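Take a look at the structure below.
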Amino acid sequence: MQDAAHSPKPGPDSYDVATIMGGLYGDGIIACKGAFERAWVERLGQDIATLFAEARARPGGALERGPNRYYVEAHPERISGFADIIGHPWVVAVCRAVLGPDYRIVEAGFDIPGPGALHQPWHRDFASPEATLKGRRLNSLAFNITTVDVDEDMGPFEIAPGTQWDDLGDGDPMFPPRELWGRYEARAQRKLPRMGDISARSALTIHRGTANQSNRSRPVFVLGVDAPDARNADKHDLQLSRTYYESLAPQLREHITCRVVDGLENIVQAHTIEGLRMGLTM
């Protein structure tokens with residue numbers, strides 16, 4: 001994992017392409033430690049809390065991903081520091097290295113595993129595209145920013161390194177059968193990020209949220225990014241108001257796939273994952 005504190009200079013070219021590619025094509029997950037100040041993250045957390053309350057009050061606003069576990073897509077301009085996130089040199093460097101110079105930002109949202117959230121079944125976030133199964137190429141990435149310091153009892157994210165390349169055959173394209181779970185449990189790594197850290201992963205790497213046995217929620221911001229040939233934008237409805245869109249620097253605007261609207265509309269979320277709704281008691 002590459003530590004932002006040891007970058008020789010600010011800017012995307014500060015980060016080693018081989019390290020980025022090796023991490024994402026190997027384990028399937030990398031991280032940049034201390035990318036943001038804690039005060040910046042606290043503001044992000046406050047925005048997420050406000051947006052979550054609004055989403056819970058609106059039919060279809062928050063998708064269930066298991067008991068006491070929710071996912072909400074958000075309007076970027078209501079996320080503090082959204083431009084800071086998509087313009088962060090490490091984020092830009094990772095996107096360029098893995099997805100190419102014409103990468104596209106297609107998703108902004110957040111996960112909230114609350115107290116009492118159960119283990120999720122092992123899964124990937126969508127079916128593997130042909131580019132990965134046959135071409136052995138990653139054409140999408142998910143970036144995560146925790147808004148709290150994660151402890152063992154808070155239901156940390158668990159991932160099985162290297163499994164982004166697994167072919168699940170003729171079964172469910174997202175959920176491995178239980179007879180294969182031993183493979184993922186043997187490889188499993190629990191992640192305990194701190195406020196200010198960013199991670200990048202292939203959403204195809206088999207993973208799960210674990211049971212939250214604490215009395216605290218574990219909110220995490222999610223940014224989805226595609227290569228030009230990926231189709232994940234079809235699952236989302238990224239909207240930017242015209243005023244906000246035009247306020248962004250041109251080098252940021254050119255990488256966003258979105259609708260530019262005169263007034264923001266409620267997001268109708270299309271990326272449901274039915275297999276996560278029940279959770280596991282194990």
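Things to note:
- Close contacts from region 22-47, counting a first residue that is over 21 Å from HIS207 (Cα atoms) and part of a helix (DSSP H, G or I) and a second that is modelled with pLDDT of 95 or more and aromatic (Phe, Trp, Tyr), with Cβ to Cβ under 7 Å and a gap of 6+ residues or different chains, come to LEU44/PHE221.
- With respect to the conditions (1) touching a helix residue (DSSP H, G or I) at 6+ places or on another chain (Cβ under 8 Å); (2) of a type outside the set (Gly, Ala, Ser); (3) under 20 Å from ASN139 (Cα atoms); (4) assigned to a loop (DSSP other than H, G, I, E, B), VAL92 falls short on a single one, namely (4).
- Residues located in region 166-187, provided they are hydrophobic (A, V, I, L, M, F, W, C) and either at pLDDT below 95 or in contact with a Phe, Trp or Tyr (Cβ under 9 Å, 6 or more places away or on another chain) (or both): LEU168, MET174, PHE175, LEU180, TRP181
- Scanning region 206-251 for residues that are part of a loop (DSSP other than H, G, I, E, B), more than 19 Å from GLY109 (Cβ to Cβ) and polar (S, T, N, Q) gives THR210, GLN213, SER214, ASN215.
- In region 3-21, the residue that is modelled with the highest pLDDT out of those that are outside any loop (DSSP other than H, G, I, E, B) and crowded, with 19+ Cβ neighbours inside 10 Å is ILE20.
- Among the candidates THR210, THR147, residue that is surrounded by 14 or more Cβ atoms within 10 Å (Cβ to Cβ), in contact with a strand residue (DSSP E or B) (Cβ under 6 Å, 6 or more places away or on another chain) and polar (S, T, N, Q): THR210
- Residue list for region 48-89, restricted to those being assigned to a helix (DSSP H, G or I), among the small types (Gly, Ala, Ser) and over 15 Å from PHE221 (Cβ atoms): ALA53
- Answer residue from region 252-265, given it is more than 21 Å from the chain's Cα centre (by Cα) and in a loop (DSSP other than H, G, I, E, B) and is surrounded by the most Cβ atoms within 10 Å (Cβ to Cβ) among those: LEU264
- From the options ASP172, ASP167, residue that is assigned to a loop (DSSP other than H, G, I, E, B), more than 18 Å from the chain's Cα centre (by Cα) and in contact (Cβ under 8 Å) with a residue 60 or more places away in the chain: ASP172
- Pairs, first without any contact (Cβ under 8 Å) to a residue 40 or more places away in the chain and over 22 Å from SER140 (Cβ atoms) in region 244-256, second in a helix (DSSP H, G or I) and not aliphatic (A, V, I, L, M), C-beta under 7 Å, six or more apart: TYR245/ARG253
- Screening the candidates ARG183, ARG96 for the property of being under 19 Å from the mean Cα position of the chain (by Cα) and charged (D, E, K, R) yields one hit, ARG96.
The values are calculated or read from the model by the stated rules, or taken from the named source; none is laboratory data. Computed from a predicted structure; not experimentally measured. So basically every Cβ, Gly included, is an ideal-geometry build from the backbone, and we count neighbours across all protein chains shown.
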